[in-house]
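The values are calculated or read from the model by the stated rules, or taken from the named source; none is laboratory data. Small disclaimer: the values here were computed from a predicted structure and weren't measured. Cβ atoms come from the backbone with ideal geometry, glycine included; neighbour counts cover every protein chain shown. Just so you know, the surface numbers come from the protein's heavy atoms only, side chains and all, with ligands and any DNA or RNA stripped out. Shrake-Rupley method; radii C 1.70, N 1.55, O 1.52, S 1.80 Å.
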Amino acid sequence: ALASDPHYATNAARVANRKALVGIIARRMAERESADWLERLKAARIPAGPVNTIAEAFAHPQAIHRGLKVELDHPLGVKVPTVANPIRLSETPIAYRDPPPMLGQHTDAILDELGYDADAIARLRADGVVA
């Protein structure tokens, strides 16, 4: 019915009425589960795929098979899940050594390398420019 509605019949009309159209589509999409929509879209030969949460993405059989989740020990005593590099090189495997840094963990070293002295770094920190 939307295809014949003049508010949505052309791309220009859809753009002009985008807010209303998004609302209509959102309400309709909420009527069914994602798996049902994906089946229907596949049957209609419309390319589509799910938008997964991080947990769903890591739980996918292909992600498990490829070992795409790497847990690193963090200085706070917890395991931090990270995404593995999908490129696998047989002669030079990737080593995962360091967890993501804490906020501001490397600020002084980076600014020092860029030529800032200790007083300048202290001013930047005091002004809230860096953590």
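A compact table of results
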read-out: From Ala84, Ala63, residue being surrounded by 10 or more Cβ atoms within 10 Å (Cβ to Cβ) and touching a Leu at 6+ places or on another chain (Cβ under 9 Å); value: Ala84
read-out: Residue pairs meeting the criteria (Cβ under 7 Å; at least 6 apart or on separate chains; first open to solvent by less than 100 Å² (accessible area, probe 1.4 Å), in the range 112-131; second among the polar types (S, T, N, Q) and part of a helix (DSSP H, G or I)); value: Val130/Thr107; Ala131/Thr107
read-out: Subset tally (residues that are open to solvent by 80 Å² or more (accessible area, probe 1.4 Å) and either under 19 Å from Val51 (Cβ atoms) or basic (Lys, Arg) (or both)) for the range 11-30; value: 8
read-out: Qualifying position, being exposed (fewer than 11 other Cβ atoms within 10 Å of the Cβ) and either farther than 30 Å from Tyr96 by Cβ or modelled with pLDDT under 95 (or both), among Asp5, Asp36, Asp73; value: Asp36
read-out: For Ala57: the one exception among (1) closer than 30 Å to Leu2 by Cβ; (2) of a type in the set (A, V, I, L, M); (3) under 19 Å from the mean Cα position of the chain (by Cα); value: (1)
